[in-house]
1. Filter segment 119-128 down to residues that are under 8 Å from the mean Cα position of the chain (by Cα) and not in a strand (DSSP E or B), then give me how many there are.
2. Could you tell me whether any residue of segment 129-152 is assigned to a loop (DSSP other than H, G, I, E, B), of a type in the set (A, V, I, L, M, F, W, C) and within 15 Å of LEU256 (Cβ to Cβ)?
3. Looking only at segment 185-239, count every residue that is among the β-branched types (Val, Ile, Thr), within 17 Å of HIS145 (Cβ to Cβ) and either in a helix (DSSP H, G or I) or more than 27 Å from the chain's Cα centre (by Cα) (or both) and tell me the total.
4. Any idea which of VAL152, VAL176, VAL195 is among the β-branched types (Val, Ile, Thr) and touching an Asp or Glu at 6+ places or on another chain (Cβ under 9 Å)?
5. So, restricting to strands (runs of 3 or more DSSP E) that lie completely within segment 10-110, which ones have at least 2 residues that are in contact with a helix residue (DSSP H, G or I) (Cβ under 6 Å, 6 or more places away or on another chain), crowded, with 20+ Cβ neighbours inside 10 Å and of a type outside the set (Phe, Trp, Tyr)?
6. Enumerate the pairs (first residue in segment 168-183 and polar (S, T, N, Q); second residue anywhere and outside any loop (DSSP other than H, G, I, E, B) and at pLDDT 95 or above) with beta-carbon separation below 6 Å, excluding pairs fewer than 6 apart on the same chain, so at least 6 apart or on different chains.
7. Tally time: how many residues in segment 48-82 are small (Gly, Ala, Ser) and either in contact with a Cys (Cβ under 7 Å, 6 or more places away or on another chain) or within 23 Å of ASN126 (Cα to Cα) (or both)?
Amino acid sequence: MAIDPTARVADGACIGEGVEIGPYCLVGPRVVLEAGVRLIAHVHVAGVTTIGEGTVVYPFASLGTPPQSVHYRGGATRLAIGARCELRESVTMNTGTEDGGGLTKVGERCFFMVGSHVGHDCQVGNDVTLANDVVLGGHVCVGDHAFLGGHVAIHQYVRIGEGAMIGGMSGVRDDVIPYGFAFGQIAALIGLNTVGLRRRGATRAEMHQLRRTYRALFWGESVFADRIEAVAAEFAHDRLAEKIIAFIRAGGKRPLMKPRGRRDADDRGDDEL
């Protein structure tokens with residue numbers, strides 16, 4: 001353990017083996033820094049916060065501060081950051097709210113670039129990348145291996161599926177299917193994240209089946225609910241298709257994102273009719 005003399009570590013903080021706390025860092029009394037964590041300099045860690053083994057946090061990051069919610073009542077809600085993450089300069093992450101489950105959780109091996117923000121009660125999977133200035137509203141769920149481009153803004157309660165990609169400068173207000181590729185000022189599906197799938201070892205046959213799944217779901221002529229059931233039956237043993245169907249069936253508080261112009265009459269809100 002190495003703590004710079006200018007740092008301030010409160011009594012009660014739990015500091016693991018091999019932790020490095022650099023100049024002018026502030027660590028609160030209910031913080032847990034697991035083995036090998038590195039706080040480079042000027043890092044503020046507060047609240048009931050755990051930072052996983054080997055995670056590196058760069059200057060001016062602020063972690064574990066209270067949620068930006070008018071409904072927060074001052075409870076000891078938590079922030080948990082997984083192992084071997086990298087949090088670059090000025091990253092911010094808030095604890096959860098009492099009504100949202102009380103926990104903001106980040107998985108392992110995630111990469112948060114400069115100025116990215118994880119709001120209260122978010123659930124971020126493993127191997128997720130947030131590029132510069134990405135902001136996640138409260139209660140957002142991001143699946144494993146998702147990639148969010150620079151300056152992306154995610155509306156509260158949105159779900160981003162496993163392996164999805166969001167192009168830079170996009171505003172996302174609807175749920176994005178696993179392996180989807182979304183883009184636009186108000187984002188819409190424009191295809192599949194085939195590059196990400198190839199990098200993670202998807203075979204040519206799997207990619208072909210996934211394209212068939214996508215076309216059947218979003219470009220068929222029947223009612224969308226019927227298309228879901230038809231795809232579920234046709235691709236019952238395809239691992240990628242099964243994840244998309246399970247994601248759609250699970251539902252959430254936000255609508256499902258579709259290609260522009262392909263919203264069905266049976267799932268439009270009153271403001272879209």
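1. Counting residues in segment 119-128 that are under 8 Å from the mean Cα position of the chain (by Cα) and not in a strand (DSSP E or B) gives 3.
2. no
3. Going through segment 185-239 one residue at a time, the tally reaches 2.
4. VAL152
5. Per the criteria, no element qualifies.
6. SER170/PHE183
7. The qualifying residues number 7.
The values are calculated or read from the model by the stated rules, or taken from the named source; none is laboratory data. The model shown is predicted, which means the values in this text are computed figures rather than measured ones. Cβ: placed from backbone, ideal geometry, glycine included. Neighbour counts: every protein chain shown.
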